[in-house]
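Quick note: the coordinates plus some simple rules give every number you see, no bench work behind them. Fair warning: this is a prediction, and the values are worked out from it, not measured in the lab. Cβ placement follows ideal geometry from the backbone for every residue including glycine, while neighbour counts extend to all protein chains displayed.
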Amino acid sequence: MAVAVVNDKSIERDVQRNAQRERATSSIAMVMTLVSFSMLFATLMLGYIAYRFTSEVWPPLGMQRASLGLPTISTVIILMSSLSYFLCEGGFSKGDHKSFKTYFWITLLLGIGFMVSQLFLWRDLKLSGIYVDTTVFASIIYAFTWVHAAHVIGGIVALLLLFPTLLGKREKLKSELWIKNVGQFWHFLGIVWVIIYFGIFVF
């Protein structure tokens with residue numbers, strides 16, 4: 001009997017150690033991913049700042065400032081998606097599967113809605129005479145929005161990879177790690193877009 005109890009405790013300790021190791025590995029991987037993406041956006045932003053503050057006139061001569069309408073709509077959508085994912089995470093942590101599923105679908109639809117708003121934004125830029133090869137100013141706008149959109153597509157794919165969790169076919173620890181990591185990436189995209197919105201379109 002005593003041997004069985006000792007074995008049970010040993011197994012439990014092994015399970016806990018494995019869980020801690022998996023959490024640590026997952027966290028390190030996500031931190032490295034976010035750092036690499038942050039460096040990419042920081043490089044673009046530094047190039048933009050250098051160009052902006054060495055230009056005598058802004059926007060550059062012959063260019064008009066992009067309309068704020070669609071970028072503002074995009075900002076509202078991505079912030080709403082970040083909020084809905086936060087509520088999605090809350091539903092999962094509380095064991096409220098209905099809330100988790102509801103806010104998951106809302107987040108996914110808002111993510112797709114953001115991409116649709118970007119398509120309209122690019123169309124609006126072209127209608128305003130702002131093409132990618134027109135000037136450095138135009139190239140910067142497209143570079144920021146294209147790179148960010150590519151990451152949003154990656155975020156949408158990551159959301160789709162939560163389907164096993166949504167269907168209850170993934171063990172709890174793995175589900176927790178997936179939801180946490182996808183959330184960090186999704187919120188990161190929201191923060192980056194807000195910086196792009198104010199840095200490129202507003203100011």
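Observations
- Dmax and Rg, reported as Rg then Dmax, of region 30-202 (C-alpha, Å): 18.0, 59
- For region 30-89, the Cα-based Rg and Dmax, in that order, read 16.5, 47 Å.
- Listed residues GLN184, GLN64, GLN118, most fluctuating in the chain (Gaussian network, C-alpha, under 10 Å): GLN64
- Pairs of Lys residues in region 30-202 are counted when their Cα atoms are under 20 angstrom apart and they lie 8 or more places apart or on different chains; the count is 14.
- With a Förster radius of 35 Å applied to the C-beta separation of LEU46 and LEU109, the computed FRET efficiency comes to 0.50.
- Gap separating the Cα centres of region 38-91 and region 165-197, nearest whole Å: 21
- Altogether, the Stokes-Einstein calculation at 37 °C and 0.692 mPa s, with the Kirkwood radius of region 65-138 over Cα pairs as Rh, returns a diffusion coefficient of 237 µm²/s.
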